[in-house]
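Heads up, the thing below is written out as structure tokens.
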Amino acid sequence: MYPAPPFNKQPQEVPGLASKMDPVPDHGEKSYKGSGRLAGRRALITGGDSGIGRAAAIAYAREGADVVIGYLPQEQSDADEVLKLIEEAGSKGFGIPGDITSREFCETLVAQTVEKLGGIDILVNNAGHQQAVDSLLDISPEAFDVTMKTNIYAPFWITKAALPHLEPGSVIISTSSVQAYDPSENLFDYAQTKAANVAFVKSLAKQLGPKGIRVNGVAPGPVWTPLQTSGGQPQDAIVEFGKATPLGRPGQPAELASIYVQLADGSASYATGQIYGAAGGNGHP
Ligand code: NAD
Ligand code: MG
């Protein structure tokens with residue numbers, strides 16, 4: 001159904017653009033069909049400019065939700081493509097660029113989302129930072145910090161700012177990874193953050209269950225996104241990316257969109273504290 005390895009080497013600077021990938025990822029631009037499952041809902045999706053977050057943003061808009069996407073300023077051109085698709089779906093879409101390794105920006109991101117949408121019912125903590133490094137000895141304190149700040153601190157800061165706005169029936173969704181369960185030797189710091197995302201979901205689900213707020217996560221396997229081609233994998237591994245899965249190829253972001261819709265939809269009202277896998281046949285959960 002979708003492109004399989006071998007892929008061309010294609011290094012980009014972090015955070016990378018989806019538009020510059022070869023082949024360009026499928027985020028469901030031409031395929032996702034909505035059926036009003038999220039009508040009237042208001043979503044904030046971090047990292048919604050590209051990859052898995054973009055696929056969720058397109059799907060949410062076509063399901064009737066208004067959507068704010070967060071992203072880095074360097075990603076404005078990717079974000080503009082998403083915002084156009086949200087508008088074409090008949091929903092409101094806003095982009096709020098900024099760096100979530102800053103606590104202050106995380107608080108601004110939530111405050112501006114509430115201002116633009118009139119509230120938040122769906123928070124998707126999806127932005128992430130991943131750099132492959134062979135040896136722990138070569139991870140600088142600064143690089144370690146960026147991974148921790150982006151993947152652990154930012155979801156904490158953003159969720160803390162959003163929580164006072166979340167009414168019963170709201171949902172929080174985290175993008176974790178198979179790396180939480182079966183970490184690669186060259187993703188030592190990243191894998192720890194993705195395990196932290198699982199604990200975030202499972203603890204917070206218990207804390208917020210009595211308030212009627214559901215908290216779930218997604219653990220993708222290899223998905224064809226700029227995160228991977230801009231240093232998330234060594235370029236040699238990009239050539240073979242996804243080959244080791246039983247499906248023999250990476251997933252496309254579009255193939256995960258329905259999971260994010262399902263978790264946001266009130267019809268999944270008994271699902272909380274769960275991690276949903278999408279890994280092409282390998283890994284956990
Ligand atoms: P992606 O590069 O398309 O998305 C990641 C986004 O994170 C970027 O678009 C960027 O906007 C955002 N981001 C990164 N650093 C930021 C910062 N400092 N401030 C603001 N935004 C920042 O790649 P993706 O693969 O779709 O990544 C989405 C999530 O999926 C990440 O949490 C990643 O860990 C997770 N994930 C990806 C894979 C995969 O194979 N692609 C597998 C498992 C988990
Ligand atoms: Mg991006």
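The values are calculated or read from the model by the stated rules, or taken from the named source; none is laboratory data. What you see is a predicted model; the values in this text were computed from it and never measured. Here the Cβ is made from the backbone with ideal geometry for all residues, glycine too, and neighbour counts use every protein chain on show. Calculation scope for accessible area: heavy atoms of the full protein, side chains included, ligands and nucleic acids excluded. Shrake-Rupley method; radii C 1.70, N 1.55, O 1.52, S 1.80 Å.
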Of the conditions (1) on the phi < 0 side of the Ramachandran plot; (2) open to solvent by less than 10 Å² (accessible area, probe 1.4 Å), the single one that residue 15 does not satisfy is (2)
Check your understanding: Mind checking whether some residue in the range 136-153 is surrounded by fewer than 20 Cβ atoms within 10 Å (Cβ to Cβ), without any contact (Cβ under 8 Å) to a residue 12 or more places away in the chain and in a loop (DSSP other than H, G, I, E, B)?
Key -> yes
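Of these, 69, 100, 45, which one is closer than 29 Å to residue 192 by Cα, hydrophobic (A, V, I, L, M, F, W, C) and either away from ligand 1 (no atom under 16 Å from the Cβ) or touching a Cys at 6+ places or on another chain (Cβ under 8 Å) (or both)?
Just a single option satisfies the conditions, and that option is 100.
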Quiz item: With respect to residue 30, is the statement that it is free of Cβ contacts under 8 Å to residues at least 24 places away in the same chain and either closer than 21 Å to residue 249 by Cα or open to solvent by less than 20 Å² (accessible area, probe 1.4 Å) (or both) true?
Solution: yes
message: Kindly evaluate residue 74 against the criterion of being within 15 Å of ligand 2 (Cβ to nearest atom), more than 21 Å from residue 254 (Cβ to Cβ) and in contact (Cβ under 8 Å) with a residue 24 or more places away in the chain.
response: yes
Considering residues that are under 14 Å from the mean Cα position of the chain (by Cα), part of a helix (DSSP H, G or I) and of a type in the set (A, V, I, L, M), the number found within the range 49-78 is 6
Determine whether residue 184 is assigned to a loop (DSSP other than H, G, I, E, B) and more than 16 Å from ligand 2 (Cβ to nearest atom). yes
Filtering the range 202-244 down to residues that are of a type outside the set (D, E, K, R), assigned to a helix (DSSP H, G or I), within 30 Å of residue 170 (Cα to Cα) and open to solvent by 20 Å² or more (accessible area, probe 1.4 Å) yields 203, 204, 207, 209, 210, 227
